[in-house]
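To keep things clear, I will list the structure first and then write my remarks on it.
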Amino acid sequence: MSGKGYGFATRSVHVGNEIDRHSGAIRSPITMANSYALPYDPSELNWSSAEGSIYTRNGGANQRQLQEKLASLEGGEDCVVLASGMAAISGTFFTFLKAGDHVVFGDNTYIGAYRLLNELLPQKYGVETTMVDSSDLEALKAAMRPNTRLVHIETPGNPTLKITDIRAVVKIAHGAGALISLDNTFASPFLTRPPELGVDLTIESLTKYVNGHGDAMGGAVIGKKALIDRIRADAMVNQGGTISPFNAWLISRGAATFPLRMRQHCDSALKMAEFLVRQPSVRFVAYPGLESHPGHSIAKSQMGGGFGGVLSFGLHADHDAHNRFVSNLKLIISAVSLGHDESLIAFLGEDDERMHLFPKEFKGGFFRMSVGIEDAEDVIDDVRQALERTGLPTDGPR
C-alpha cells in the first residue's frame, strides 16, 4: 500500500503491512533469516547491494516494510532503518563527513551526538566542529565556514526542551551549501515532519515513541533517496549497523498505535506541566507547551497537534531530597529512555558533564520526565503524594 491520499493514522496501520501470501495471515510475519536463496547464477550479484534479498546485513523483509511505513509518516522520499538511534546518528556522520570537513551543531544535542561531535570525530578523524546555541540564529550564521558540510540540530532538545526554528536553520545551512540533519525524536513524525520543512536528513530513535512499548531498539534516517542510499551502503552494509528482523517487526507493530499514544502523551504531559508550575516546591518547569516557555510560539508553528510527552523540572530542595522524591513515587518508574507506555523519570544531578551548557535554572539538579499513557490524574496524583511524603509543600489536595 502506497498510503497516498490516506491520513496519518491510517498510514500508521496499513503502510508496510502485507497479507502473507503463504499463510494468508493479515499481518506481515517475522522473517527470522540471515540468508536468502540465490539465483541460478549468483556470480553477477553485487554482494554489497541493498537491493533485493541476499543477506540480512544488506536488508531484510521486515526492515524494508518498516522503512516504507516511516518514509510515509515522516514525509520523506526514502528511509533506512538501523540498529539504534545512535547507529542512525553515527551512520549519518560517518557517511557524509571526512577529515577537514566542518560541522556546526547545537549545544542541546543528545549526549551521544555531543560526544561524537565534540570529542570523537575531531580527535580521531580530523573533523572540525563548532558548537552553538541553535536557537541563536546570528550565532549559527557566524559559525558557518566555507568547509561547513553539515549542520546538526535537535528540537525539542534533550534534556532542556530548547526549541530551534527549523525553517530558519534550513535557510542558513542551505545558503552556505551545507546539509542539515535533525534529531526529531522528542517531537516524532506525529508532531513534526522535517522533510516537509526542508531538512535533508531526519533522524529518529525508533526505540522511543514510534515503538512505544519499551521493548525494542532501532533508529532511522529519512530523506531524499540519493542521500539515504549512501547511508544504506556505508552505515548499514559496510559498517553493519543493521536492525534485527525481530526488532523491526516489533517497531512496526508499535507504530500501528503510534498516533493514538502520541495524543495521550501530549495531553497528559501538558496537564503535568500545568500542575507542576502551580507547586510551591517546584523551582522551574521546561515544557514547550507552556506559554511561558521561550520557544512556545516557534514550537506551536512547527509541532502540529501537541508538544510532546517529555518535560524537565527541578525542586526547591537539596540533592538528597530530589532522590527521596523519586524513591517516594509509586507509579512513575525511575529509568532512562522515553516514549514508553509507562511514565519514566530520571534525576540528573548537579555534576552532569554538560551542565555548563544548560540554562541556569537547571544547574541545581533536575528531573527529566517522560509522561506515559496512563490516566493523567493518576500520574499527577503520584507526583503530589511523592512531594508530600518528601516533606515538600504542594498546592493542596486535588
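The values are calculated or read from the model by the stated rules, or taken from the named source; none is laboratory data. Bear in mind that the values here come from a model prediction, so they are computed numbers and not experimental data. Note that each Cβ is placed from the backbone with ideal geometry, even for glycine, and that neighbours are counted across all protein chains shown.
The table below gives the values:
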item	result
Phe313 being surrounded by fewer than 21 Cβ atoms within 10 Å (Cβ to Cβ) and either in the same structural domain as Glu196 (by TED's automatic domain parsing) or in a strand (DSSP E or B) (or both)	no
Cβ-Cβ under 6 Å pairs, at least 6 apart or on other chains, the stretch 257-279 side farther than 26 Å from Gly396 by Cα, far side surrounded by 20 or more Cβ atoms within 10 Å (Cβ to Cβ) and of a type in the set (Phe, Trp, Tyr)	Pro259/Phe190; Met262/Phe190
Inter-residue pairs, beta-carbon under 9 Å, first on the phi < 0 side of the Ramachandran plot and in the stretch 300-327, second of a type in the set (Val, Ile, Thr) and assigned to a helix (DSSP H, G or I), 6+ apart	Gln302/Ile166; Phe313/Val277; Phe325/Val383
Scope the stretch 319-337; condition in contact with a helix residue (DSSP H, G or I) (Cβ under 9 Å, 6 or more places away or on another chain) and not in a helix (DSSP H, G or I); matching residues	Asn328, Leu329, Lys330, Leu331, Ile332, Ser334
Residue pairs meeting the criteria (Cβ under 7 Å; at least 6 apart or on separate chains; first over 15 Å from Ser134 (Cβ atoms) and modelled with pLDDT of 95 or more, in the stretch 178-200; second part of a helix (DSSP H, G or I) and among the β-branched types (Val, Ile, Thr))	Gly198/Val170
Considering residues of the stretch 365-398 that are assigned to a loop (DSSP other than H, G, I, E, B) and among the β-branched types (Val, Ile, Thr) only, the residue nearest to Phe284 (Cα to Cα)	Thr394
Among (1) at pLDDT 95 or above; (2) over 17 Å from Gln239 (Cα atoms) - the single one Leu82 does not satisfy	(2)
Set Asp215, Asp229: member being assigned to a helix (DSSP H, G or I) and more than 23 Å from Val132 (Cα to Cα)	Asp229
Residue check, Arg261 under 29 Å from Gly289 (Cα atoms), charged (D, E, K, R) and crowded, with 20+ Cβ neighbours inside 10 Å	yes
Hits in the stretch 209-258 - residues which are aromatic (Phe, Trp, Tyr), more than 18 Å from Gly309 (Cβ to Cβ) and in contact with a helix residue (DSSP H, G or I) (Cβ under 6 Å, 6 or more places away or on another chain)	Trp249
Condition broken by Ser135, with the remaining ones in (1) touching a Ser or Thr at 6+ places or on another chain (Cβ under 7 Å); (2) buried (at least 23 other Cβ atoms within 10 Å of the Cβ); (3) outside any helix (DSSP H, G or I) satisfied	(2)
Selected residue (only one of Gly349, Gly305 is under 21 Å from the mean Cα position of the chain (by Cα) and either modelled with pLDDT under 95 or in the same structural domain as Thr185 (by TED's automatic domain parsing) (or both))	Gly305
One residue from Ala142, Ala113 being small (Gly, Ala, Ser), part of a helix (DSSP H, G or I) and more than 19 Å from Gly91 (Cβ to Cβ)	Ala142
Among the candidates Leu191, Leu276, Leu250, Leu201, residue that is among the aliphatic types (A, V, I, L, M), more than 29 Å from Arg27 (Cβ to Cβ) and assigned by TED's automatic domain parsing to the domain that holds Ala61	Leu201
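Matching residues to (1) among the aromatic types (Phe, Trp, Tyr); (2) within 21 Å of the chain's Cα centre (by Cα); (3) under 23 Å from Ile380 (Cβ atoms):
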{"residue": "Thr242", "(1), (2), (3)": "no, yes, no"}
{"residue": "Phe258", "(1), (2), (3)": "yes, yes, no"}
{"residue": "Gln279", "(1), (2), (3)": "no, no, yes"}
{"residue": "Phe284", "(1), (2), (3)": "yes, no, yes"}
{"residue": "His293", "(1), (2), (3)": "no, yes, yes"}
{"residue": "Phe313", "(1), (2), (3)": "yes, yes, yes"}
{"residue": "His316", "(1), (2), (3)": "no, no, yes"}
{"residue": "His322", "(1), (2), (3)": "no, no, yes"}
